[in-house]
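What follows is a single structure, written as structure tokens, with notes after it.
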Amino acid sequence: ADDDLVLSVIGCGYLGAVHAASMVALGHTVVGIDVDRAKITGLGRARPPLYEPRLAELLSDGLGSGRLRFTTDPAAAHGATVHFLCVGTPQQPGGAAADLRHLDAAVTALLPYLKPGDLVVGKSTVPVGTAARLRARIRSVEPAAELAWNPEFLREGHAVADTLAPDRIVYGVPGGPAGIAAADLLNRIYAKAVADGTPVISTDYATAELTKAAANAFLATKISFINAMADLCDATGGDVVRLADALGHDRRIGRQFLGAGLGFGGGCLPKDIRAFLARAEELGAGASLAFLREVDAINLHRRARLVELALAACGGAPAGKRIAVLGAAFKPGSDDIRDSPALEVAERLASVGADVVITDPRALDRVVETRPHLAVACTLDEAIGGAELILLLTEWPEYVELDPVALREVVDRAVIIDGRNALDPARWRAAGWSYRALGRGGS
Ligand code: UDX
């Protein structure tokens, strides 16, 4: 089409790889730039840094079309007019705030290649105030370049779909004609979603940055809220799954993100709520977000509660007991083990002497790479054979669909702890299992 643009994507990790491949699918020409040579080599062979449905296919289509390439050379940005900043903003080592080192380095690398009329678009999750600071840096070198902040809300496992057909598009732009021009250019990039009626919110930098932080804080709060209710269910004999169903029918509340259990992990929610709180404290507004400390504490306490349940199921003597852990990824549909609640529980049980064996349909390679001291089993049968206790910690469909009758034949003791409230307790009990969970007081 006439309206196809040449884009650079700086930072080709999870977000950047998805963004680059998706922009090519929208008809644009993209160069992906990253300092990590191994990553660039892999992407050039259509190998994504993390498993994500459709991503390998989009990469290979893009590379085949000649409209997508990857390089470690920042000078490649010179041929593009729009530059997406997609680098990671991890938690600072030993702190709570976001580490902006990679973001600042990406801007430093880009600056010599900016031309008048170029638009730099930030997508990384950043502390509010970052966009204004980066705009000043950019314009001190190229006064005729502009900056927009365009946060992403993608979920792992749905990242391509979330990029191509998002729930909403948010632009933070400066006031006046420059901001209108930046928003128009972004509308051209996302022309397909815009034409499909996706709501576009064009606003100031701070609101755009806050939208991302607030969305993650809200989602984390929703999960910790239902997990707090799970504790009340345990104290009273209630059932948190039925409670969540009943609450979820209220359209003002909704059923999503009311999945009680082991709580949230992953590369985003935990670090993002901590960084948000740290930034609020810097701004003198820490008291307003103090509740996020509680949200974090409730969430981390889930892991301790699951360990307690497991120890109790071992009669308080875990040493040498064979425990099969089903799931290592932080959520199903992903091979990501960053801040995985499942792995933390497995680690803690192994550290008190239990004979823990972990299995997972996708994440085992990463477990072996990063935690060589933990035992893994490639198949479910191998993991549960002879187990005295089974922990379901990541609700992969293949685990949720297990047949309790058949499974009973291969275990030594039919005891299961459902860390994700993903199984039907009545069905498992009817098959002779001792079924336990968090928030199903009856159990
Ligand atoms: C999240 C946000 O959803 C996304 O918008 C943002 O861009 C990045 O962070 P993601 O980390 O991929 O995405 O995972 P998500 O599906 O949100 O799940 C996060 C964690 O919460 C997982 O560990 C999941 O198991 C847990 N979770 C989710 C629950 O414990 N209960 C729920 O009801 C939902």
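Just so you know, all these numbers are worked out from the coordinates, no wet-lab data involved. Everything numeric in this text was worked out from a predicted model, so none of it was measured. Because the Cβ atoms are built from the backbone with ideal geometry, glycine has one as well, and the counts that use them run over all protein chains shown.
Computed quantities for the displayed model
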{"quantity": "Listed residues Val31, Pro49, Ile10: farthest to the positive end of the dipole of segment 1-77 (Cβ charges)", "calculated": "Pro49"}
{"quantity": "Calculated from backbone phi, Karplus (6.51, -1.76, 1.60) coupling profile of segment 141-148 in Hz, x at Gly/Pro", "calculated": "9, 10, x, 9, 9, 10, 10, 10"}
{"quantity": "Under the Karplus curve 6.51 cos²θ - 1.76 cosθ + 1.60, θ = phi - 60°, whole-Hz ³J(HN,Hα) for segment 424-441, x wherever Gly or Pro sits", "calculated": "8, x, 4, 5, 5, 5, 4, 7, x, 8, 8, 9, 10, 7, 9, x, 10, x"}
{"quantity": "Distance (nanometres) between label positions extended 7 Å along Cα→Cβ at Asn187 and Ala144", "calculated": "2.4"}
{"quantity": "Gly32 long-range amide H proximity, modeled H, under 5 Å", "calculated": "Val9, Arg69, Phe70, Thr71"}
{"quantity": "Zero-based 10 Å bins, Cα pair distances in segment 157-247, whole percents", "calculated": "14, 30, 24, 17, 11, 3, 0"}
{"quantity": "Long-range amide H partners of Leu50 with built H, under 5 Å", "calculated": "none"}
{"quantity": "Placed amide H near Gly172: partners under 5 Å, 5+ positions off or other chain", "calculated": "Trp149, Asn150, Thr203"}
{"quantity": "Hull-based mean projected area of segment 6-203, where the convex hull spans the alpha carbons, in square nanometres", "calculated": "10.6"}
{"quantity": "Taking segment 350-443 and dividing mean pair separation by its residue count, relative contact order in percent (alpha carbons under 8 Å, at least six apart)", "calculated": "21"}
{"quantity": "Phi-based couplings in Hz for segment 33-49 (Karplus 6.51, -1.76, 1.60; Gly and Pro marked x)", "calculated": "10, 8, 7, 8, 4, 4, 5, 5, 4, x, 5, x, 9, 6, 9, x, x"}
{"quantity": "Least to most buried among Thr41, Thr130 (fewest other Cβ within 10 Å first)", "calculated": "Thr41, Thr130"}
{"quantity": "Computed magnitude of the charge dipole of the chain (debye, nearest 20; Cβ of K, R +1, Cβ of D, E -1)", "calculated": "500"}
{"quantity": "Packing rank of 262-269, 192-199, 237-244, where each peptide gets the mean count of other beta carbons within 10 Å, highest leading", "calculated": "262-269, 237-244, 192-199"}
{"quantity": "Set of lysines near Lys115 by C-alpha distance (under 24 Å), chain-local residues within fewer than 8 positions excluded", "calculated": "Lys123"}
{"quantity": "Rel. contact order, % - alpha carbon contacts under 8 angstrom, at least six apart, the chain", "calculated": "12"}
{"quantity": "Fraction in percent of alpha-carbon pairs per bin - 5 Å, segment 284-443", "calculated": "2, 9, 19, 22, 20, 14, 6, 3, 2, 1, 1, 0"}
{"quantity": "Along each principal axis, Cα extent of segment 195-321, largest first, Å", "calculated": "57, 37, 28"}
{"quantity": "Distance cut-off 41 Å, percentage of C-alpha pairs in the chain lying past it", "calculated": "23"}
{"quantity": "Total charge dipole magnitude, segment 301-443, about the Cα centre, Cβ charges on Lys, Arg, Asp, Glu only, Debye to nearest 20", "calculated": "600"}
{"quantity": "Arg47 versus Val6: modelled label distance in nm, points set 7 Å from Cα along the beta carbon direction", "calculated": "3.0"}
{"quantity": "Gain in span if fully extended, Thr370 to Leu300, counting 0.36 nm per residue against the direct Cα distance", "calculated": "23.1 nm"}
{"quantity": "Gain in span if fully extended, Ala161 to Gln256, counting 0.36 nm per residue against the direct Cα distance", "calculated": "32.4 nm"}
{"quantity": "Whichever lysines have a C-alpha closer than 23 Å to that of Lys222, once near sequence neighbours (fewer than 8 apart) are set aside", "calculated": "Lys212, Lys271, Lys331"}
{"quantity": "Normalised contact order of segment 244-437, rounded percent, pairs of Cα under 8 Å and 6 or more residues apart", "calculated": "20"}
